[in-house]
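Everything on this sheet refers to the single structure shown next.
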Amino acid sequence: MKNFVEELRWRGMLAQIMPGTEELLQKEMVTAYLGTDPTADSLHIGHLCGIMMLRHLQRCGHKPIILVGGATGMIGDPSGKSQERNLLNNETLYHNQECIKQQVAKFLDFESNEPNAAEMVNNYDWMKDFTFLDFAREVGKHITVNYMMAKESVQQRLNGTARDGLSFTEFTYQLLQGYDFLYLYQHKGVKLQLGGNDQWGNMTTGTELIRRTLGNDVETFALTCPLITKSDGKKFGKTESGNIWLDPKRTTPYKFYQFWLNVSDEDAERYIKIFTSLEKEVIDALVEEHKQDPGRRVLQKRLAEEVTVMVHSKEALDTAIEASSILFGKSTKEGLEKLDEQTFLDVFDGVPQFEISKDQLGQPAIELFTSAAPVFPSKGEMRKMVQGGGVSLNKEKLTDQNRPVTSEDLIDGKYLLAQKGKKNYYLLIVK
């Protein structure tokens, strides 16, 4: 059985660990949990480090539990947040939970008969009938306000680094999260909580609540992974267009693949340890190979392949690679037509776009690409480029500038792709 803590350590996935945690994990099969926020019906790559921790935990012979914060998601966690989050209704929470489970099932084994099969729980199930009076009596009396006030996440909100102060609802968050740990210890035998390093304060409140409620001889533990950043210090997983989601309807596998393919050399070396299950020897060899010829981007390619297959599928990876080759390779019209609409638009995101009306179809290419859509500044320039073989329509060379462009040429019933030279693309959208 692999040493879980050692596995995290060499991968750069270990931030803080309570004394005795490693010894416990070496001694017995440990049940550990990690909480995730159900405010969306998809996880994004910011959640991946935590999910990978659970994956390594299970592969090291321990039992992972993923807790969906249905109750805590209705409140909001002050840790690392500058304002209170929106509250969700029941129906939305359970829908989000199901979607999240389907995504996490690609990383964890929920189905096996082994004692360390993964489980998913929702804290709303045990919090929904817990009255305020019961909570105050059974939980609130064990933790002092002084103890809660000392937490860094609370201090930051109180000292004016956040605009809106701290509501009582959010202040009680650490007690609720602490109670989750107590409940899971009593009902599932959970002895270890995993999480991001911003959760350390909430996690240690849980171990303290268990100790004060059940006695000093009851030992529970906490372990965190670092908050992942990019080499320039910016937040990992955020792009100009927002989060990189695991749901292919929110972020296409092509765009997902491209994100990993385009990380810096320094980040690729860190990320391939954190976000893949590749063994140390394989990663060390890849790092060495990359250093010999960084221009080949060996690390980025392998990272992008591994994560795309794990999150989506081998078929999705093949489609993403094929779509990636369209801008630089010798793709065909058939290749373009195989792409779904969103992937097609993602591939040509950022290229100049022109809108034309349906009644402009049927005219010669030279009219369409100069008058209707100014792909070329003049007919003379277009003629010259067509004669030199430098113009393509939908990846097929245009040999006659007077050839009519009709609805038969449309991709997805509404797009025309003009290409000038090797790298200049123009997208015509028929409205």
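The values are calculated or read from the model by the stated rules, or taken from the named source; none is laboratory data. Not measured: the values here are computed from a predicted model. Quick reminder, even Gly has a Cβ in these numbers, built from the backbone with ideal geometry, and neighbours come from all protein chains shown. Ligands, DNA and RNA are excluded from the accessible area calculation, which covers all protein heavy atoms including side chains. Shrake-Rupley method; radii C 1.70, N 1.55, O 1.52, S 1.80 Å.
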Treating the angle as unsigned and between 0 and 90°, give the value, to the nearest 10°, between the Cα long axis of helix 48-59 and the longest Cα principal axis of the chain. 60 degrees
Taking only C-alpha positions in the stretch 218-330, Rg and Dmax in angstrom work out to 15.6, 65
Between the stretch 97-165 and the stretch 405-431, what's the alpha-carbon centroid distance in Å? 51 Å
On the protein heavy atoms, probe 1.4 angstrom, tell me the percent of accessible surface of the chain carried by carbon and sulfur. 48 percent
How much accessible area per residue does the chain have, in Å², with a 1.4 Å probe? 47 Å²
Given the pairs LYS63/LYS106; LYS27/LYS106; LYS106/LYS235; LYS358/LYS384; LYS106/LYS314, which span a C-alpha to C-alpha distance of over 18 angstrom in this model? LYS27/LYS106; LYS106/LYS235; LYS358/LYS384
Given 246-252, 146-152, the highest-first ranking by average Cβ count within 10 Å works out to 246-252, 146-152
Using θ = phi - 60° and Karplus 6.51 cos²θ - 1.76 cosθ + 1.60, couplings along the stretch 114-121 (whole Hz; Gly, Pro as x): 5, x, 9, 4, 6, 9, 10, 10
Compute the FRET efficiency between GLN155 and HIS95 as 1/(1 + (r/R0)^6), taking r as their Cβ-Cβ distance and R0 = 51 Å, and round to the nearest 0.05. 0.90
Cα-only radius of gyration and Dmax that characterise the stretch 315-392, units Å: 15.0, 45
Cα Rg over Rh - the stretch 85-151, Kirkwood: 1.11
Counting Lys and Arg as +1 and Asp and Glu as -1, what is the net charge of the other residues whose Cβ lies under 15 Å from the Cβ of GLU381? +3
Translational D in µm²/s for the chain (Stokes-Einstein at 10 °C, 1.306 mPa s, Kirkwood Rh from C-alpha pairs): 64 µm²/s
Scattering profile of the stretch 255-304 from the Debye formula, Cα beads only, expressed as log10 I(q)/I(0) at q = 0.13, 0.21, 0.25 Å⁻¹, is -0.24, -0.64, -0.90
Given bins 10 angstrom wide, list per bin the percent of all Cα-Cα distances in the stretch 182-261, short to long. 16, 31, 21, 21, 11, 1
As a Kirkwood estimate from alpha-carbon pairs, the stretch 150-285 has a hydrodynamic radius in angstrom of 18.2 Å
Which FRET efficiency, nearest 0.05, do TYR147 and ILE17 yield, Cβ-Cβ r, R0 22 Å? 0.55
Hey, rough spin-label estimate for GLU119 and LYS314, points 7 angstrom out along Cα→Cβ, what's it come to in nanometres? 3.4 nm
If one computes the Cα centroid of the stretch 253-271 and of the stretch 311-388, what distance in Å separates the two points? 25 Å
Kirkwood Rh, angstrom, the stretch 275-350 [1 / mean 1/r, Cα pairs]: 14.1 Å
